[in-house]
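Step one of this worksheet: look at the structure below.
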Amino acid sequence: MALSELVPILVIHLYALATAAVLTGFLARSAWLKGTVFWVLACAFAFQALLLGEQLFSAGVAGFSPPFYMHLLSLCVTGTGLWVCRRTSHEALGLAVAPVSMLICLAAFFLRHHQTPVSLPLAGMFFGVHIVTLFCSLGFMTLGFGGGLLFLLQERAIKAKTPLTRRHKDLPDLAALDRVNALSLRWGFPLFTVGILFGFVGARLLWGEAFSEDPKELVSLGLWALYASLYHQRFARGWQGRKPALLAVWVFLISLFSLFVVNTFMITHHSFFTATL
Amino acid sequence: MEQHIHLVGLNFRTAGVDVREAFALADACLPSIMAAEVTDAAVGPLGGIDELLVLSTCNRVELLAVGDSDTPDCLLSLWANAKGRPLEDLLPYVYRLRGAEAVHHLFSVAASLDSMVLGEPQILGQLKDAYRKATQAKSTGIVLNRLLHKAFSVAKRVRTETAVAASAVSISYAAVELAKRIFGTMEHTSAMLIGAGEMAELAAMHLLQAGVSRLFVVNRTLERARELATQFRGEALPFEQLADRLPEVDIVISSTGASETLIRARQIREVLRRRKNRPMFFIDIAVPRDIDPDVNNLDNVYLYDIDDLKEVIEENLAHRRDEADKARLIVTDEVDAFTRWLESLALQPTIMELLDFFEAHGKDELSRTLRRLGAQGPVDAATREALEALVRGLTRKLAHAPLMFLKQAQREQDSGGPRLVRRLFNLDGQRPARCAFRNKE
């Protein structure tokens, strides 16, 4: 088996290990297991980066296939996750990052035979920035989702006066989770905005019109409006706690819908999977 | 009619906070109840309460009395009347204890074995305060005085000989632990105490230990607020500034004795707007509650009342439960000792009744003898005097042995002694029938 076939399998196993470690670590209240999650994710990140670097070096832009982009997406999600985990020391964020990255890598694995490259004009600089910024913002959305979900779970327990178990106490407190949401939004929204803008500029350059009422564009604009509303409410109006956490969960779910449902089942400029399936 | 120790009451196990706040006996109610036991007219046909003490805290209301068998019903009627509520509203929640059971309960309460937070120290101070008020109202006597002093010494013994109160588990400590789940580090948080009683003091101590940076104390009596604020390096505020200063605080602990709601949900909506939705945490440990329960429905606001906190601290009590078994053994020993003392208190009446018994029988026989002698001719004074001296001497000699037996029993606090003598001489029964042997003669 060639290295290019082995490494993706290894990466999936590492993400699966990280997922199992973080879940078991919290259920069994094992500090050691929770501590290993960061390093397992870091290993997965490193192998994934090597894989993509090797493909880029050996095939150039001809290697920009759907599995390549999916690994790139997974890499961005893991990279942002590692950065935020380092800043906040909250291993609980691995509960979101590890399984999401694992699922993306699994999807890439199942599509590994669909190596039809993306057309050359789409491999230019504008689309490069468009893709990387959007993928990184998706990484921050994943963290916002994870932090938001944990916030809602903890907050519900405290509001309902449910006796807080030791597992509740092992999770970050509400203020810490709210800070994670704020951090994710502070980076995620600007990156998403840059990504959208570069997408429209690239579309103008490539197809002669920036906006063509493409379903993907419509969904993306709707998502941007929701994200912008959350950004404004949070930083200009002072929203904290439950509402931004709930909105962060919705932003992530809609972005997943946009990425996997719209791109797969609708005819759009982003129908890479439909074209290859 | 025979007197016993009676205890009637309700607590956090038998009644929720809404019932406890409805039947709490604030100081204003006490005089009417205390007066009842000294004014027979007020007690009326149900009378018979000799001594009375009222204990009313956020977790229990208990009336302790010495009286006859009608005393519990009388106490419940007085209680319901003092609160202006029908007796039927109270009855489903109360327990009634008598004698050794009542003593056991009181000792357990004093030793904080019956508290919502096992081992908490506040109850002893509250019991001492209740005793002070009862003595000021002159509603205690020999039994309750001894009982309460014994309760205090039992509490002290439990605290020194067991670890039931060793770990820092209390309502205010639990509140601080919850605050940490909301705010994380407490270093940049500020807190407000509404009310300046013992619970507020304890809360202030735990908050400062947790790292709260600013502390406000609000109380109707500004002087008392200043005392507490000075003690904990905080700022005292007059009660009128409560609403204005709320936006500055993250944590509010309320423990006043107010009968009306102090903080309402609509006020907090405005406060949150001024705080830009920064979260707030309210702890309401007052009964009746100071804070409108609807406050908890607001986003970013968390309200815990005293019943909610008991769930929170449950996990921390496991160790104390083990120690509580040792404490209960101490309480059982002390209850036995007190019961023996109580029974020995019944000795004096037994001695008097025994002497009356011999005297009555002596006089009876003397009268019969004088009548028989009189039938044969007038009895001269010398004969009468000699016969009376004979009866007195005989009565004294016959009573001597049982009296010595009783006094020995008193010294040894042997409750069996008086019971035996009472049975032997049938002091509780009908006047003994004429002896069958004498009838045959």
Checklist entry - Which cross-chain or sequence-distant (5 or more) residues have an amide H under 5 Å from the amide H of residue B:194, H modelled 1.01 Å from N in plane? => result B:218, B:253, B:254, B:255
Checklist entry - For residue B:198 and residue B:340 in the same chain, what is the full-extension length gain: residue separation times 0.36 nm, less their Cα-Cα distance, in nm? => result 47.5 nm
Checklist outcome for this item: Under the rule rounded for a/c under 1.5, else prolate if a/b exceeds b/c, else oblate, using alpha carbon gyration tensor axes a ≥ b ≥ c, chain A is classed as oblate
Checklist entry - Between residue B:332 and residue B:163, what is the FRET efficiency for a Förster distance of 22 Å, r being their Cβ-Cβ separation, to the nearest 0.05? => result 0.75
Checklist entry - By a straight-distance test (C-alpha under 16 Å), which lysines pair with residue A:34 as possible cross-link partners, with residues fewer than eight away in the same chain excluded? => result A:169
Checklist outcome for this item: Residue separation between residue B:364 and residue B:96 times 0.36 nm, minus their alpha-carbon distance, gives in nm 92.0 nm
Checklist entry - residue A:243 label point, 7 Å along Cα→Cβ, cut-off 11 Å on backbone N: hits in the stretch B:260-279? => result B:273, B:276-278
Checklist outcome for this item: In whole Hz, the Karplus estimates of ³J(HN,Hα) for the stretch B:105-115 (6.51, -1.76, 1.60; θ = phi - 60°; x where Gly or Pro) are 4, 4, 5, 5, 5, 4, 7, 6, 7, 9, 7
Item to check | Local electrostatic count, residue A:151, Cβ distance below 11 Å [Lys/Arg +1, Asp/Glu -1] | outcome: +1
Item to check | Ascending count of other beta-carbon atoms within 10 Å, so fewest first, for B:244, B:129, A:178 | outcome: B:244, B:129, A:178
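Quote to one decimal, in nm, the extra length available between residue A:112 and residue A:6 on full extension: 0.36 nm per residue of separation minus the C-alpha distance between them. Display every interim value, and only then the final one.
Numbers: separation 106, 0.36 × 106 = 38.16 nm, distance 1.20 nm.
Between residue A:112 and residue A:6, full extension yields an extra 37.0 nm.
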Checklist entry - Just B:292, B:380, B:50 to compare: in a GNM of chain B, with alpha carbon springs under 10 Å, which one fluctuates most? => result B:380
Checklist entry - Which of the lysines could be linked to residue B:363 by a straight reach, that is with a Cα gap under 19 Å, when you skip same-chain ones fewer than 8 residues away? => result B:397
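So which trypsin sites (Lys or Arg not before Pro) in the stretch B:222-297 are both in a DSSP loop and have at most 16 other Cβ atoms within 10 Å of their Cβ? Write down the numbers at each step before the final one.
Numbers: sites: B:224, B:226, B:233, B:245, B:264, B:266, B:269, B:273, B:274, B:275, B:276, B:289; in loops: B:233, B:264, B:275, B:276, B:289.
Of the trypsin sites (Lys or Arg not before Pro), the ones in loops of the stretch B:222-297 whose Cβ has at most 16 other Cβ atoms within 10 Å are B:233, B:264, B:276.
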Checklist entry - Can you pull the mean other chain C-beta count within 10 Å for peptide A:239-246? => result 3
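Just want to confirm a number: the relative contact order over chain B, from Cα pairs under 8 angstrom separated by 6+ residues, in percent. Could the numbers behind the result be given before it?
Numbers: 643 pairs, mean separation 58.2, N = 441.
Reported relative contact order: 13 percent.
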Next on the checklist: Taking amide H atoms as placed 1.01 Å from N in the peptide plane, list the residues 5 or more away in sequence, or in a different chain, whose amide H sits under 5 Å from that of residue B:303.
Outcome noted: B:282
Checklist outcome for this item: Phi angles of the stretch A:94-111, converted by Karplus (6.51 cos²θ - 1.76 cosθ + 1.60, θ = phi - 60°) into ³J(HN,Hα) in whole Hz with x for Gly and Pro, give x, 4, 9, 5, 4, x, 5, 4, 4, 5, 5, 5, 5, 4, 4, 5, 5, 9
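Can you give the FRET efficiency to the nearest 0.05 for residue B:70 and residue A:86, using r as the Cβ-Cβ distance and R₀ = 60 Å? Could the numbers behind the result be given before it?
On the way: r = 75 Å, r/R0 = 1.26.
My answer for the efficiency is 0.20.
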Checklist entry - Within chain A, which is the longest segment containing none of the trypsin sites (Lys or Arg not before Pro) that sit in a DSSP loop and have at most 16 other Cβ atoms within 10 Å? => result A:113-236
Item to check | Label-point gap, in nm, between residue A:236 and residue B:267 - each point 7 angstrom along Cα→Cβ | outcome: 3.4 nm
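Classify the stretch A:182-228 as rounded, prolate or oblate, taking a ≥ b ≥ c as the square roots of the eigenvalues of its Cα gyration tensor: rounded when a/c is under 1.5, otherwise prolate if a/b is larger than b/c and oblate if not. Spell out each step's value before the answer.
Numbers: a/c = 4.37, a/b = 1.85, b/c = 2.37.
In terms of gyration-tensor shape, oblate.
Taking the Cα centre of chain A as origin and charging only Cβ (+1 Lys, Arg; -1 Asp, Glu), how large is the dipole, in debye to the nearest 20?
Details: 19 positive and 11 negative charges, 252 e Å.
With Lys and Arg at +1 and Asp and Glu at -1, about 1200 debye.
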Checklist entry - Which ordering of A:71, B:206 is given by a fewest-first count of other beta-carbon atoms within 10 Å? => result B:206, A:71
Checklist entry - Within the stretch B:63-181, how many lysine pairs that are 8 or more places apart, or on different chains, have C-alpha atoms less than 29 Å apart? => result 10
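Taking R0 as 45 Å, what's the FRET efficiency between residue A:225 and residue B:260 from their Cβ-Cβ distance, rounded to 0.05? Mind dumping the intermediate values first?
Values: r = 47 Å, r/R0 = 1.05.
About 0.40, to the nearest 0.05.
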Item to check | Net charge of neighbours whose Cβ lies under 12 Å from the Cβ of residue B:58, counting Lys and Arg as +1 and Asp and Glu as -1 | outcome: -3
Checklist outcome for this item: Cα-Cα longer than 31 Å, checked against A:159/B:276; A:216/A:243; A:161/A:243, kept in input order, equals none
Checklist entry - Once the other residues with Cβ under 11 Å from the Cβ of residue A:270 are scored (Lys, Arg +1; Asp, Glu -1), what is the net sum? => result -1
Checklist entry - Counting only residues 5 or more places away or on other chains, whose amide H sits under 5 Å from the amide H of residue B:165 once H atoms are built in the peptide plane? => result none
Checklist entry - From the phi of every residue in the stretch A:37-48, what ³J(HN,Hα) in whole Hz does the Karplus formula 6.51 cos²θ - 1.76 cosθ + 1.60 yield, where θ is phi - 60° and glycine or proline is x? => result 4, 4, 6, 5, 4, 4, 5, 4, 4, 5, 5, 5
Next on the checklist: Can you compute the modelled spin-label distance between residue A:39 and residue B:387, with each label point 7 Å from Cα toward Cβ, in nm?
Outcome noted: 11.4 nm
Checklist entry - With each label point set 7 Å from Cα along the Cα-Cβ vector, what nm distance links residue A:46 and residue B:21? => result 6.0 nm
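Values quoted throughout were computed directly from the atomic coordinates according to the rules given, and no laboratory measurement underlies them. Just so you know, these numbers come straight off a predicted model, no measurement behind them. Neighbour counts are summed over all protein chains in view; Cβ atoms, including those assigned to glycine, are modelled from backbone coordinates with ideal geometry.
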